[in-house]
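> Before anything else, here's the structure in question.
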Amino acid sequence: MKYLYTITQMKHLLLLFILMLVLSCDSSSKESQSLIDLKSKKEVLIKEMNRIGTELKDIETAISKLDTLKKLMTVTSLKAEVKDFNHFIEVQGTVKADQTIELHAEMGGTVTALLVKEGDAVSKGQILATLDSEVIDNSVLQLETQLALATTTFERQARLWEQNIGSEIQYLQAKAQKEGLENSMKSLKAQARKMKIIAPFSGIIDQVFAKTGELTSSQMPFLRLVNLSTVYVESEVTETYLKAIKKGTEVLLNFRSIGTSAKASISQVGNFINPNNRSFKTRIDLENPNNELKANLLADIKINDFKATGIVIPSRLVQKDSNDKAFVYTIEPNGSNHKVVKTYITETMNYNNLSFISEGLLSTSILVDKGARLINTDEDVKLVP
């Protein structure tokens, strides 16, 4: 058994030796391969690689043309349209009335009667209240008696003078007496009128400040009278828009507090620029037959400073390049697909998410809508409804 084991070991050692010898010979053979053969083999391999690369590229191109299932960016489109475009300047204004006044008593005195209450409609010339005029009334009564006597005396002296009976001095004295009393009567009656509060125009009693029995003076407001049949809205607009706003410019008015709107036009443009806020005033006259618009009511005003007809598109489609030039993506046919084209435009105005395009687009132009921010120029895309 031991002998057999030794023989086996020897066989294994012999096989190992032979294997090492073979490997040594193979390695030596490879090392002895000439440099020219290696270079030649390298050139052959490079040529084969180039051939395969060119063939692969041609195959990919052919596949791209034939593959109808190729994945393309999906976008939607819209057609450029010719529309009316309006741009508005938005400001706030206040309702005012030309005929609004706080009446004062012309003379001081005690209020004896209030003949109206708040909310009453009154007419021009109507007596609204009276003050205590007892002293003046008594003076008028006394003066009337004196004036009647003086008038009779003057008439008698005038007849005598015409008959050359009376003296000139008596005639002139009687005349002067009568005229003096007449002037005094006019003065007293004028004072008596000042003891009444009279409506200077027709309107509505907005507020009564005085009370019966109270003492008032010319410095104290007595009542407020307003006429709201015609009102106007006054606003201030920055001087930037001075050239765009003229008399007759159309405006839209919205009175949010009462849920009312109206169309009107500028009635007057101010000629003075406020140095504090660089603005000028505008006036918009309005009819107010139902007195719905109240003094000092706020109004939202949209002044139509630009209007034109042309290509109008959604403002969201307008993009800017690195030079701040505006462009949109349009679509052109490209075989069975559609190609994206960067189209530069001139955006004249934009308002309320719409842009007025004066150059760069036609009414036949097709624009990329959804997906416009995710594509590149000259890229093929797939259109969906």
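> Have a look at Asn183, Asn376, Leu253 and report the one farthest towards the positive end of the charge dipole of the chain, computed about the Cα centre with Cβ charges (Lys/Arg +1, Asp/Glu -1).
Result: Asn376, furthest along the dipole toward the positive end.
> What share of all Cα pairs of segment 131-200, in percent, falls into each consecutive 10 Å distance bin?
Each 10 Å bin holds this share of Cα pairs: 21, 35, 24, 14, 6, 1.
> Treat each spin label as a single point 7 Å out from the Cα along the C-beta direction, and report the Lys339 to Lys246 distance in nm.
Roughly 4.8 nm, to one decimal.
> Where nothing but the Cβ of Lys and Arg (+1) and of Asp and Glu (-1) is charged, how large is the charge dipole of the chain around its Cα centre, in debye to the nearest 20?
1560
> Taking the Cβ of Thr74 as the center, what net charge do the other residues with Cβ under 10 Å away carry, scoring Lys and Arg +1 and Asp and Glu -1?
On the way: positive: Lys71, Lys370, Lys382; negative: none.
Its environment carries a net charge of +3.
> On to the next question. Estimate the FRET efficiency between Ala264 and Lys83 by the formula 1/(1 + (r/R0)^6), using the beta-carbon distance for r and 25 Å for R0, to the nearest 0.05.
It comes out at approximately 0.55.
> Can I ask one more? Between Met185 and Leu115, what FRET efficiency comes out of the Förster formula 1/(1 + (r/R0)^6) with R0 = 22 Å and r the beta carbon distance, rounded to 0.05?
Efficiency, rounded to the nearest 0.05: 0.25.
> For Lys281 and Leu149 in the same chain, what is the full-extension length gain: residue separation times 0.36 nm, less their Cα-Cα distance, in nm?
Full extension from Lys281 to Leu149 adds 41.2 nm.
> Which one, Asn164, His338, Pro314, projects farthest toward the positive side of the charge dipole computed for the chain from Cβ point charges (K/R +1, D/E -1)?
His338
> In addition: For Ile198, list long-range residues whose amide hydrogen, built 1.01 Å from N in the peptide plane, is under 5 Å from its own amide hydrogen.
It is Leu128, by chain and number.
> Just to check I understand the Karplus step: with θ = phi - 60° and J = 6.51 cos²θ - 1.76 cosθ + 1.60, what whole-Hz values come out for segment 123-129, glycine and proline as x?
Along segment 123-129, the couplings run 10, 4, x, 6, 6, 9, 6 Hz.
> Related question: What length, rounded to one decimal in nm, is gained on full extension from Asn290 through to Asn352, with 0.36 nm per residue of separation minus their alpha-carbon distance?
Numbers: separation 62, 0.36 × 62 = 22.32 nm, distance 3.30 nm.
So the chain would gain 19.0 nm between Asn290 and Asn352.
> At a 10 Å Cβ-Cβ cut-off, how would you order Leu172, Leu141, fewest neighbours first?
Lowest to highest Cβ neighbour count: Leu141, Leu172.
> Moving on. Rank Thr145, Ala121, Leu228 by how far each Cα sits towards the positive end of the charge dipole of the chain (+1 on Lys, Arg Cβ; -1 on Asp, Glu Cβ) and give me just the farthest.
Result: Leu228.
> Where the centroid of each part is defined by its Cα atoms, how far is segment 162-189 from segment 309-367 in Å?
What the calculation gives is 96 Å, centre to centre.
> Which length gain, in nm to one decimal place, applies between Ile46 and Ser257 when the Cα-Cα distance is subtracted from 0.36 nm times their residue separation?
67.5 nm
> Amide H to amide H, which residues 5 or more places from Leu354 or on other chains are under 5 Å from it, using H placed in the peptide plane?
Those qualifying (amide H under 5 Å, at least 5 residues apart or on another chain) are Ser315.
> Could you pull out the pairs from Lys243/Lys325; Lys186/Lys294; Lys57/Lys320; Lys243/Lys342; Lys96/Lys194; Lys194/Lys294 whose alpha carbons sit more than 32 Å apart here?
Beyond 32 Å between Cα atoms: Lys186/Lys294; Lys57/Lys320; Lys243/Lys342.
> Compute the Cα gyration tensor for the chain, then decide on rounded, prolate or oblate, letting a ≥ b ≥ c be the square roots of its eigenvalues: rounded whenever a/c is under 1.5, prolate when a/b is larger than b/c in the other cases, and oblate in all that remain.
Working: a/c = 6.21, a/b = 4.15, b/c = 1.50.
Taking the square roots of the gyration eigenvalues as a ≥ b ≥ c, the chain is prolate.
> Apply the Karplus curve 6.51 cos²θ - 1.76 cosθ + 1.60, θ = phi - 60°, to the phi angles in segment 134-143 and return the couplings in whole Hz, x for Gly and Pro.
Residue by residue, segment 134-143 yields 4, 4, 5, 4, 5, 5, 5, 4, 5, 5 Hz.
> In the neighborhood of Phe280, defined by Cβ-to-Cβ distances under 10 Å, what is the net charge if each Lys or Arg adds +1 and each Asp or Glu adds -1?
The answer is 0.
> Which order do peptides 108-119, 297-308 fall in by mean Cβ count within 10 Å, highest first?
297-308, 108-119
> Using θ = phi - 60° and the Karplus relation 6.51 cos²θ - 1.76 cosθ + 1.60, list the HN-Hα couplings for segment 180-197 in order, rounded to whole Hz, with x at every Gly or Pro.
x, 5, 5, 5, 5, 5, 4, 5, 5, 5, 5, 5, 5, 5, 5, 8, 10, 9
> Could you pull out every residue, at least 5 positions away or on a different chain, whose amide H is within less than 5 Å of the one on Leu228? Hs are placed 1.01 Å off N in the peptide plane, and Pro or chain starts have none.
Ile204
Every read-out reported here was derived from the displayed coordinates using simple, explicitly stated rules and does not represent laboratory data. Since the structure is predicted, the reported quantities are computational estimates derived from the model, not experimental observations. Cβ coordinates were reconstructed from backbone atoms using ideal geometry, including for glycine residues, and neighbour counts include every protein chain displayed.
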